[in-house]
Amino acid sequence: MPRHIVARTTEIPPGGNKVVEVDGRDIVVFHVNGEFFALLNRCPHEGAPLDKAACVARLTSPEPGVYQRSRVGELLRCAWHGWEFDMRTGQSWFDPQRFKVRTYPVVIEDGETLAKGPYVAETFPVHIEDSYVIVEV
Amino acid sequence: MSDVIDRPSTGQEAAAKSRLRIIDCDIHPSLHARSDLNPHLSKRWQEHMKTYGDHLRTPYIGTTPYPRSSPLIARRDAWPPTGGPPGSDLAFMRKQHLDPLDVEFGILQVLDLFIFSQQNLEFGAAIQRAVNEWQLAHWCSREPRLKASILVGQDDTEAAVAEIERCAKLGQYVQINVSPRANEPLGRRRYWPIYQRAEELGLPLGIHVGGYGGHAPTGSGWPSYYCEEHQSNAHSMAATLTSLVIEGVPERFPRLKIVFIEGGFGWIASTMWRMDQHFERFRSEVPHLKRRPSEYVREHFWFTTQPIDEPDEARHLRSLIEWVGVDRLLYSSDYPHWDFDDPRFAFKTPLSESERKMIFNGNARALYKL
């Protein structure tokens with residue numbers, strides 16, 4: 001799978017995202033707690049752009065009056081109908097069998113390694129002192 | 001995974017565009033601020049709005065009793081980059097909604113200012129008039145694709161009829177809108193002067209879900225959750241349909257056309273079957289009805305499609321459509337609200353070309369004489 005350099009790591013603040021076009025696809029890259037996740041920027045339900053989704057926690061309640069928050073910031077809550085997806089797997093929370101957002105592997109590389117190539121988005125300026133988000137599509 | 005949209009968008013959107021132009025029967029424009037209405041309000045009512053504001057029949061003035069799932073009930077991507085609330089910027093509405101979805105006509109439904117829920121009926125009438133003027137001045141005159149509705153509060157029936165007269169003379173409005181949550185069920189005779197005038201003028205009567213009357217939104221009282229309250233959009237509309245039919249409104253006004261907006265359509269078939277069953281058993285109680293209730297529904301009522309039901313199996317949605325009748329359905333998006341239905345993806349069941357044409361364009365074109 002071709003690897004594309006899509007952003008400097010410092011470009012996307014924690015909790016933020018960046019939309020990039022790779023091979024005619026809108027891909028959204030999220031930064032959560034030091035990790036980066038890349039997903040197709042379309043909700044599988046009705047096509048809403050996922051870069052406008054809220055990044056939320058998983059809220060569960062094992063019994064009345066008891067609430068648990070986990071995976072803080074790792075769940076996407078779609079901007080339209082509120083469907084929730086796991087950023088790591090793209091899986092839908094309420095209907096994991098049928099619905100999934102396509103995800104793409106992400107790696108972080110430093111500029112020095114990248115300078116050795118070969119990578120697809122050669123036009124992206126690479127400096128050896130920075131680190132970069134690489135998406136495989 | 002056949003339902004998954006995971007392909008690039010461009011080709012698909014282009015194909016949708018060439019296939020069909022859309023008439024969207026539910027678009028919500030918003031004021032930037034209340035002061036937008038000042039040019040359309042007398043000094044007396046401007047002062048009143050500033051000094052006293054809203055007096056509603058529900059608690060929690062300034063918000064809704066059931067806070068919605070997203071700010072201002074809106075899609076999170078619908079906030080205009082220029083500022084202001086979703087639905088307040090025509091240029092952004094064109095760019096995000098009217099142009100890419102190839103909307104040929106959009107019917108405006110104003111919900112701002114608790115417009116139907118004002119306890120002070122004179123103030124209510126003043127802001128209804130102001131909003132009716134504002135729709136033309138701010139939207140329709142600048143964007144000919146957008147069509148306005150005459151908003152009237154039916155609990156002051158006389159004022160409502162006067163406002164209908166004033167607006168109808170302008171020849172710009174395509175519909176008369178009343179609230180589904182008035183003081184009494186909508187079929188009651190006190191509201192008939194409005195229906196009579198609508199029939200005479202040949203303007204459909206539009207009834208958009210929601211608003212807050214003095215009654216709990218469900219028959220069993222006040223719900224605890226938004227998730228629960230949102231269900232009432234369907235069953236309060238079923239109660240409204242039943243009231244209109246059984247009280248004899250379509251029997252008394254045989255040319256009246258009534259549009260139910262944002263109630264969806266999954267509940268209609270069972271409501272009709274049940275009304276027919278009861279009518280067969282108790283027809284001597286309601287001898288003013290000459291025909292089976294479902295016949296009135298199938299001739300007098302239209303239903304906008306959003307929020308569309310999403311049964312697990314696509315064929316069940318197909319059945320719901322057939323039970324109501326393709327000729328009764330009008331596509332609506334509800335833009336810019338969170339439960340927006342995208343015309344390209346919302347109907348997750350196959351429709352023939354002619355069915356698509358009827359639901360997305362032809363039915364509304366004929367009904368609203370566009």
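So is residue A:73 of a type in the set (Gly, Ala, Ser) and either surrounded by 18 or more Cβ atoms within 10 Å (Cβ to Cβ) or not in a strand (DSSP E or B) (or both) or not? Considered against the rule, which asks whether it is of a type in the set (Gly, Ala, Ser) and either surrounded by 18 or more Cβ atoms within 10 Å (Cβ to Cβ) or not in a strand (DSSP E or B) (or both), residue A:73 comes out as no.
Could you please let me know if residue A:27 is closer than 15 Å to residue A:104 by Cβ, within 12 Å of chain B (Cβ to nearest Cβ) and in contact with a Phe, Trp or Tyr (Cβ under 7 Å, 6 or more places away or on another chain)?
Working: closer than 15 Å to residue A:104 by Cβ: yes; within 12 Å of chain B (Cβ to nearest Cβ): yes; in contact with a Phe, Trp or Tyr (Cβ under 7 Å, 6 or more places away or on another chain): yes.
Considered against the rule, which asks whether it is closer than 15 Å to residue A:104 by Cβ, within 12 Å of chain B (Cβ to nearest Cβ) and in contact with a Phe, Trp or Tyr (Cβ under 7 Å, 6 or more places away or on another chain), residue A:27 comes out as yes.
Out of A:48, A:79, A:57, one residue alone is under 22 Å from residue A:17 (Cα atoms), among the aliphatic types (A, V, I, L, M) and in contact with a strand residue (DSSP E or B) (Cβ under 7 Å, 6 or more places away or on another chain). It is A:57. Picking from residues in the stretch A:49-83 that are of a type outside the set (A, V, I, L, M, F, W, C) and within 12 Å of chain B (Cβ to nearest Cβ), the one that is nearest to the chain's Cα centre (by Cα) is A:51. Of everything listed in (1) in contact (Cβ under 8 Å) with a residue 24 or more places away in the chain; (2) surrounded by fewer than 21 Cβ atoms within 10 Å (Cβ to Cβ), the single unmet condition for residue B:358 is (2). Where helices (runs of 4 or more DSSP H) fall entirely within the stretch B:230-306, those with at least 3 residues that are buried (at least 18 other Cβ atoms within 10 Å of the Cβ) and of a type in the set (S, T, N, Q) are at B:232-246. Here the stretch B:39-60 is the region considered, the condition is being over 20 Å from residue B:131 (Cα atoms) and over 22 Å from the mean Cα position of the chain (by Cα), and the residue that is farthest from the other protein chains (Cβ to nearest Cβ) is B:59.
What's the total number of residues in the stretch B:258-300 that are of a type outside the set (Ser, Thr, Tyr), within 20 Å of the chain's Cα centre (by Cα) and within 17 Å of residue B:325 (Cβ to Cβ)?
Just the residues of the stretch B:258-300 that are of a type outside the set (Ser, Thr, Tyr), to begin with: B:258-269, B:272-283, B:285-293, B:295, B:297-300.
Checking the rest, the ones that are also within 20 Å of the chain's Cα centre (by Cα) come to B:258-269, B:297-300.
Those left that are additionally within 17 Å of residue B:325 (Cβ to Cβ): B:258-260, B:263-269, B:297-300.
Looking only at that region, the number is 14.
Residue-level analysis places residue B:149 outside the set of residues that are touching a strand residue (DSSP E or B) at 6+ places or on another chain (Cβ under 6 Å), farther than 21 Å from residue B:335 by Cα and in contact (Cβ under 8 Å) with a residue 40 or more places away in the chain.
Would it be correct to say that residue B:87 is within 17 Å of the chain's Cα centre (by Cα) and assigned to a strand (DSSP E or B)? No, not satisfied.
Can you spot a residue in the stretch A:34-46 that is touching a Ser or Thr at 6+ places or on another chain (Cβ under 9 Å), over 21 Å from residue A:11 (Cα atoms) and of a type outside the set (Lys, Arg)? Yes: one or more hits. Give me the residue from the stretch B:341-370 that is of a type in the set (Phe, Trp, Tyr) and at pLDDT 95 or above and, out of that set, farthest from residue A:47 (Cα to Cα). Going through the qualifying residues, I end up with B:368. Taking the stretch B:67-108 as the range and being at negative phi and of a type in the set (Gly, Ala, Ser) as the test, the residues that pass are B:69, B:70, B:74, B:78, B:88, B:91, B:106. Taken together, the criteria place residue B:331 among residues that are modelled with pLDDT of 95 or more, more than 23 Å from residue B:88 (Cβ to Cβ) and within 14 Å of the chain's Cα centre (by Cα). Within the stretch B:152-173, track down each residue that is hydrophobic (A, V, I, L, M, F, W, C) and either assigned to a loop (DSSP other than H, G, I, E, B) or crowded, with 21+ Cβ neighbours inside 10 Å (or both). Answer for the stretch B:152-173, where residues must be hydrophobic (A, V, I, L, M, F, W, C) and either assigned to a loop (DSSP other than H, G, I, E, B) or crowded, with 21+ Cβ neighbours inside 10 Å (or both): B:152, B:160, B:164, B:167. Among the criteria (1) out of contact with any His (no Cβ under 9 Å at 6 or more places or on another chain); (2) touching a residue at least 40 places away in the same chain (Cβ under 8 Å), the one residue B:314 does not fulfil is (2).
So is residue B:323 closer than 15 Å to residue B:264 by Cβ and in contact with a Lys or Arg (Cβ under 6 Å, 6 or more places away or on another chain) or not? No: the conditions fail for residue B:323.
Taking the stretch A:84-111 as the range and being of a type in the set (Phe, Trp, Tyr) and within 14 Å of another protein chain (Cβ to nearest Cβ) as the test, the residues that pass are A:85, A:94, A:99, A:104. Scanning the stretch B:332-346 for residues that are surrounded by fewer than 22 Cβ atoms within 10 Å (Cβ to Cβ), farther than 10 Å from residue B:75 by Cβ and not hydrophobic (A, V, I, L, M, F, W, C), we see that the one that is nearest to the other protein chains (Cβ to nearest Cβ) is B:342. Does residue B:42 count as among the polar types (S, T, N, Q), surrounded by fewer than 16 Cβ atoms within 10 Å (Cβ to Cβ) and either at positive phi or at pLDDT below 90 (or both)? Against the criterion (among the polar types (S, T, N, Q), surrounded by fewer than 16 Cβ atoms within 10 Å (Cβ to Cβ) and either at positive phi or at pLDDT below 90 (or both)), residue B:42 does not qualify. Considering only residues in the stretch A:34-47 that are within 20 Å of residue B:79 (Cβ to Cβ) and at pLDDT 95 or above, the one that is nearest to the other protein chains (Cβ to nearest Cβ) turns out to be A:42.
The values are calculated or read from the model by the stated rules, or taken from the named source; none is laboratory data. Remember, it's a predicted structure, so these values are computed and weren't measured experimentally. Neighbour counts are summed over all protein chains in view; Cβ atoms, including those assigned to glycine, are modelled from backbone coordinates with ideal geometry.
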